[in-house]
Structures are given as structure tokens and as C-alpha cells.
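Read through the structure below, which is laid out as C-alpha cells, and then see the notes.
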Amino acid sequence: MSDHIRRPYVTLVSEVTIDGKLTVTRGASSKLLMQFMSHEAEVLLHQIRADSDAIMVGANTIRIDNSFLTVRHVEGKNPIRVIPSSKADISPDANILSPDAPTIIAVSARAEKEKCAALVEKGAHLEICGEDLVDLPALMRLLYEKYNVKSLMIEGGSTLNGNMFQEDLIDELLLIHLPFIAGGEDTPSLVTGLHPRDVSDLLKLDLISQYMAGDNLITKWRVVRS
């Protein structure tokens, strides 16, 4: 990350099947797969949460999983929760709005005022970042400068992962490998939305480490920047 870019250090953390899928099938909760993570892998996941200033997931992941995104299994603080949602399409009853930690909802200028007001009523910090869609680089600068977020953990899904890679906003990747093959053509994979034309367009990563956490292989990667 260049010194002049004022944004958090971003680590993407995800469980994946052998063929790189995030869920059993499209629309299914990732919790179906996460139940097969070893306790040691769960501890690792929650330790990264506790060590991060903030955690970010996509709005669709919230709609499907309805996660709290809090720290369990280890001692530590709950990170700030960050949800990019251009249209503010998040239920006011979502667990992400629990009082366990601050929650930032990033919306576009076109988000319906009534939806925004309902989220603010539930305690969310609403931030307008972008005209039609959430401007992720602007959101990263805002998190860094206004909320003092120096380290950000991302827990999917595939669209948010792809958009963050597209904007060159991811620094490290930690994968928890699960011993399954899902195979479905439209089953979400780790990253979608990138359109390489040839090998020169592929994202390059260097393997930092690999080890076992219980029964799960863990691989850690660093994004290579030219």
C-alpha cells in the first residue's frame, strides 16, 4: 500500500470449498459450510475479528446470513461493523444493528430517505459515499480519517470481494479451506465481477504461509502490486 493512500490495511478472510465456492448453492447461507470449520479455525476467525478495528460484509450477505459479526470464542473487543448498501436495503431488525458494536451503513445519494431514517433510528451511523453506487475508495478514506480504522477485515461475499479487488483495496487474503466440492455453475465463488482478458490481467498473490488449524488448511496470501 502506497504511503500517500490513507486507508485501512485490508485483509479478506473467507472459508472456501476446494473449488473456491462460498456456499452450497446460490442464496444459501454460508453458515451451512461454516459448521464444518474446526474449533481451531473458528478461534482463528474470531481472533482476526478481535484484532481488527472494523469488519465489512456486503448487504446481500447480511440479508442471507443475518450475522451479528461480533467476537466470540476469544477475549477481545467487537470491531466496528461496516455495510456498503447503495440503496440502504437492510432490515431495521437485522442483527447487524444490535448494540454490541457501532455499525456504519454506507449508502449512495440515491438511497431512499425513509430507509435511511429507519436505520439511523436503530442506531446506525449513516454515511453517503457516492452518487449511484457506494464509492469504495471514498469509504475506505472515510473509515481511516473519520473513524480511525487502521485495519479492516472483510468477510465476503463474492460481489464485495470482487469490487474491492477491482479497486485495488485488498492487501492480504486468508482462506480457511473446507474439504468439499460444490461445483454449481451459479454458486458464488470467492470473487466475481472481474473480467481478465489475458494472463496479464490476472491478480497475482504471493503465498505467505500455510498451516493447519485443527482439520482445516489455512493459507495466507499477500496481494502483489507492481
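The values are calculated or read from the model by the stated rules, or taken from the named source; none is laboratory data. Not measured: the values here are computed from a predicted model. So basically every Cβ, Gly included, is an ideal-geometry build from the backbone, and we count neighbours across all protein chains shown. Keep in mind that these areas ignore ligands, DNA and RNA; they rest on the heavy atoms of the full protein, side chains included. Shrake-Rupley method; radii C 1.70, N 1.55, O 1.52, S 1.80 Å.
From the list S85, S67, S151, pick out the single residue that is under 14 Å from the mean Cα position of the chain (by Cα), at pLDDT below 95 and of a type outside the set (A, V, I, L, M).
S67
Could you please tell me which pairs satisfy a Cβ distance under 8 Å, a separation of 6+ or placement on different chains, a first residue in region 193-206 that is in contact (Cβ under 8 Å) with a residue 12 or more places away in the chain and within 18 Å of D171 (Cα to Cα), and a second residue that is surrounded by 12 or more Cβ atoms within 10 Å (Cβ to Cβ) and among the aromatic types (F, W, Y)?
From residues that are in contact (Cβ under 8 Å) with a residue 12 or more places away in the chain and within 18 Å of D171 (Cα to Cα), the pairs are L194/F165; L203/F165; L205/W221; D206/W221.
So, of the residues in region 88-112 that are among the polar types (S, T, N, Q) and crowded, with 18+ Cβ neighbours inside 10 Å, which turns out to be farthest from the chain's Cα centre (by Cα)?
Filtering region 88-112 for residues that are among the polar types (S, T, N, Q) and crowded, with 18+ Cβ neighbours inside 10 Å, the one farthest from the chain's Cα centre (by Cα) comes out as S108.
Among the residues of region 52-62, which ones are open to solvent by 10 Å² or more (accessible area, probe 1.4 Å) and touching a Phe, Trp or Tyr at 6+ places or on another chain (Cβ under 9 Å)?
Of everything in region 52-62, just one residue is open to solvent by 10 Å² or more (accessible area, probe 1.4 Å) and touching a Phe, Trp or Tyr at 6+ places or on another chain (Cβ under 9 Å), namely D53.
For residues that are basic (K, R) and assigned to a loop (DSSP other than H, G, I, E, B), scanning just region 188-226, find the one that is surrounded by the fewest Cβ atoms within 10 Å (Cβ to Cβ).
Across region 188-226, the extreme among qualifying residues is R197.
Which of the numbered conditions does I62 fail, given that it passes all the others? Conditions: (1) closer than 22 Å to P188 by Cβ; (2) out of contact with any strand residue (DSSP E or B) (no Cβ under 9 Å at 6 or more places or on another chain); (3) modelled with pLDDT of 90 or more.
(2)
Kindly indicate which of R6, R26 is open to solvent by 50 Å² or more (accessible area, probe 1.4 Å), at pLDDT below 95, of a type in the set (K, R) and under 20 Å from L152 (Cα atoms).
Of the residues listed, the single one that is open to solvent by 50 Å² or more (accessible area, probe 1.4 Å), at pLDDT below 95, of a type in the set (K, R) and under 20 Å from L152 (Cα atoms) is R6.
Hey, any hits in region 29-41 for a residue that's open to solvent by 30 Å² or more (accessible area, probe 1.4 Å), part of a helix (DSSP H, G or I) and modelled with pLDDT of 95 or more?
For region 29-41, residues open to solvent by 30 Å² or more (accessible area, probe 1.4 Å), part of a helix (DSSP H, G or I) and modelled with pLDDT of 95 or more: present.
Within region 193-226, take every residue that is among the basic types (K, R) and within 21 Å of V10 (Cα to Cα) and give me the one that is modelled with the lowest pLDDT.
R225
Conditions first: (1) open to solvent by 10 Å² or more (accessible area, probe 1.4 Å); (2) in a loop (DSSP other than H, G, I, E, B). R49 passes all but one, so which condition is the exception?
R49 satisfies every listed condition except (2).
So, E131, is that one open to solvent by 10 Å² or more (accessible area, probe 1.4 Å), free of Cβ contacts under 8 Å to residues at least 40 places away in the same chain, under 28 Å from D186 (Cα atoms) and not basic (K, R) or not?
Criteria not met by E131.
Any chance you could count how many residues in region 137-187 are part of a helix (DSSP H, G or I), open to solvent by 10 Å² or more (accessible area, probe 1.4 Å) and of a type in the set (G, A, S)?
Residues that pass the stated criteria total 2.
May I ask you to list pairs of residues, at least six apart or on different chains, whose Cβ atoms are under 9 Å apart, with the first in region 177-192 being at pLDDT below 90 and the second being open to solvent by 50 Å² or more (accessible area, probe 1.4 Å) and of a type in the set (S, T, N, Q)?
From residues that are at pLDDT below 90, the pairs are G184/T25; D186/T25.
Identify, from the list A54, A28, A109, the residue that is out of contact with any Gly (no Cβ under 8 Å at 6 or more places or on another chain) and more than 26 Å from F180 (Cα to Cα).
A54
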